[in-house]
Amino acid sequence: MSAPRTPEEALAFFSRLNPSGIKLGLERVREALAALGHPERQYPALHVAGTNGKGSTCALTAAALRAAGHRVGLYTSPHLVRVNERIRVDSEDISDADFGLRILEVLERYPSAVSSPMTYFEFGTVVALWHFARVRVDVAVLETGLGGRLDATTAASPVVTAITPVSFDHMEYLGNTLAAIAGEKAGILKPGVPCVVARQAPEALEAILRKADEVGAPVRLEGRDFSGERQPSGHLSYRGAAWSLEALSLALRGPHQRQNAAVALACLEALQERRVTVPPEAARAGLASACWPGRLEEVGQQPVLLLDGAHNPAGVEVLLASLSDLYPGRRVHLVFGVVGDKDRGPMMRALFPACASVQLTPLETPRSLAPESYLSEARALCADVTAWPDADTALAAARKRAAGNDLVLCTGSLFLVGMMKARLYRNLGAMQQPP
């Protein structure tokens, strides 16, 4: 691969890295950051791991930090429509011009990334950490990829870490037990750095606490050191180390967001102790204004079109609870697509019987599982199941079956959510074109 010379060529260079490539290990990332003069040490950071809820927790925390007047860098993955979504400053995606320039700057200082390319996630992480330093963020919020211990983001230097609920996902990389997976996630813990831990299954919690004891990381545990409870009004009340807050409104929908909000508030309290000031009213404003697309996101009406990125059994469980809470008694027509390395069986057994119809679709990724390969499995769980050649016809079939008060739900993979959002953006752009 030849070295790019312009920002446009730099973006093309990045796009040619394998987006599905996974290489656990920190050596290359640490080497690159050293060549860049350790940009990750130029700002305090919050580092968040977990199986589900970590993206929402990052979004809630970043919104509160911004409401407090801080210049905030936010690094998340995966993206839904454009890779620029992964690197944000003050809620704005990095521009193509800045993205291309940052890639050139990284490659100039670390040319080994041309002769021996890093993975897509490794290189993107380095570019994000470099960009945050270049634009002088006051604080960064970093979401891990699939793991923790060997995840590229773990090369950062956080002042606070957090672990959201741990469940089964990416077992081929992280292990086949909750204890093994939680141990990998707990690899983000660092000596003396406080870690906020969401309520966990006993096996996962034991592994996290064992790791915290090994490295000397103080733990703030949900249910012991902080809590978030639903009030009769539907609002959230929070009790933590420093704050006792009532009548908190959440912009993010679903009952599970109360836990994510409580973890975010505990992170903000810990950041305050590390001289990242956040007044309680800024925390309140951030929770009420945070945006996290593709999670219980309504993008159409009559019938309601709902996009949700649930892609593992625990995520589907949360989704079903949210549907019962937000749309009680309404029939669901499902558009479902899944990648081949996911544990689809438990997802399907929980979700499909709750649906009036199921439309199976392939995804626009080499990892997609062909709908025909699990059609008979799906038909044993729902009476009305069809496999379609593409997402457009699957969505059209679901809409045709749906009455005005029904829901059309697209879920099973963030790839599917991104595909649907990209189509909606294209259609909106076409409608806005002059005749």
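The values are calculated or read from the model by the stated rules, or taken from the named source; none is laboratory data. All values derive from a computational prediction rather than experimental measurement. With ideal geometry, Cβ positions are generated from the backbone for all residues, glycine too; neighbour counts draw on all protein chains shown. What goes into the accessible areas is simple: the full protein's heavy atoms, side chains included, and nothing from ligands, DNA or RNA. Shrake-Rupley method; radii C 1.70, N 1.55, O 1.52, S 1.80 Å.
Run the numbers for Ala247 and Glu27: contour at 0.36 nm per residue of separation, minus the present Cα-Cα distance, in nm. Let's see the in-between values first.
On the way: separation 220, 0.36 × 220 = 79.20 nm, distance 4.61 nm.
Stretched fully, the Ala247-Glu27 segment lengthens by 74.6 nm.
To check you understand DSSP bridge types, tell me what percent of the beta bridges within segment 297-432 (both residues inside) are antiparallel, rounded to 5. Walk me through the numbers before you get to the answer.
Numbers: 4 of 20 bridges.
Close to 20 percent.
Which far-off residues, 5 or more places away or on another chain, put their amide H under 5 Å from the one on Ala387, with H placed in the peptide plane?
Residues meeting the criterion, in which the H sits 1.01 Å from N, are Leu360.
Principal axis lengths of segment 283-424 from Cα atoms, whole Å, largest first?
48, 33, 28
For segment 234-293, which whole percent of the accessible surface, found with a 1.4 angstrom probe, sits on carbon and sulfur atoms? Display every interim value, and only then the final one.
Values: 1190 of 2330 Å².
Whole-percent figure for carbon plus sulfur exposure: 51.
Could you report the accessible area of Thr6 in Å², rounded to 10, computed with a 1.4 Å probe on the protein chains as they sit in the structure?
50
Please report, as a whole percent, how much of the solvent-accessible surface of segment 160-213 comes from carbon and sulfur atoms (probe radius 1.4 Å). Please list the in-between numbers first.
On the way: 1120 of 1980 Å².
About 56 percent, which is the carbon plus sulfur part of the accessible surface.
Hey, can you find the accessible area per residue of segment 297-432 for me, probe 1.4 Å, expressed in square angstrom? Intermediate values should be presented prior to the final figure.
Details: 5820 Å² over 136 residues.
Per residue, segment 297-432 has an accessible area of 43 Å².
Based on alpha-carbon centroids, what's the gap between segment 368-391 and segment 16-82 in Å, whole number please?
Cα centroid of segment 368-391 versus Cα centroid of segment 16-82: 36 Å apart.
Heavy atoms of the protein only, probe of 1.4 Å, neighbouring chains included. What is the accessible area of Glu297 in Å², nearest 10?
Glu297 exposes around 40 Å² with every protein chain in place.
Can you tell me the order of 182-190, 286-294, 108-116 when each peptide is scored by its average per-residue count of other Cβ atoms within 10 angstrom, highest first? Walk me through the numbers on the way to the answer.
On the way: 182-190: 25.0, 286-294: 20.0, 108-116: 14.0.
The most tightly packed comes first, giving 182-190, 286-294, 108-116.
For segment 7-288, what does the accessible surface come to per residue with a 1.4 Å probe? Please give it in Å².
Details: 10600 Å² over 282 residues.
Here the residues of segment 7-288 average 38 Å² of exposed surface.
For Rg and Dmax of the Cα atoms in Å, which listed value, (i) 30.8, 103; (ii) 21.5, 66; (iii) 24.6, 80, comes from the coordinates shown?
(ii)
Could you work out the helix-only [θ] at 222 nm for the chain, with each DSSP H run of four or more residues adding -39,500 (n - 2.57) and the total divided by the number of residues, to the nearest 500 deg cm²/dmol? If you can, show how the numbers build up before the last one.
Numbers: 16 runs with 176 residues, N = 435.
Rounded to the nearest 500, it is -12000 deg cm²/dmol.
Carbon and sulfur atoms: what percent of the 1.4 Å accessible area of segment 297-432 do they account for? Spell out each step's value before the answer.
On the way: 3080 of 5820 Å².
C and S fraction of accessible area: 53 percent.
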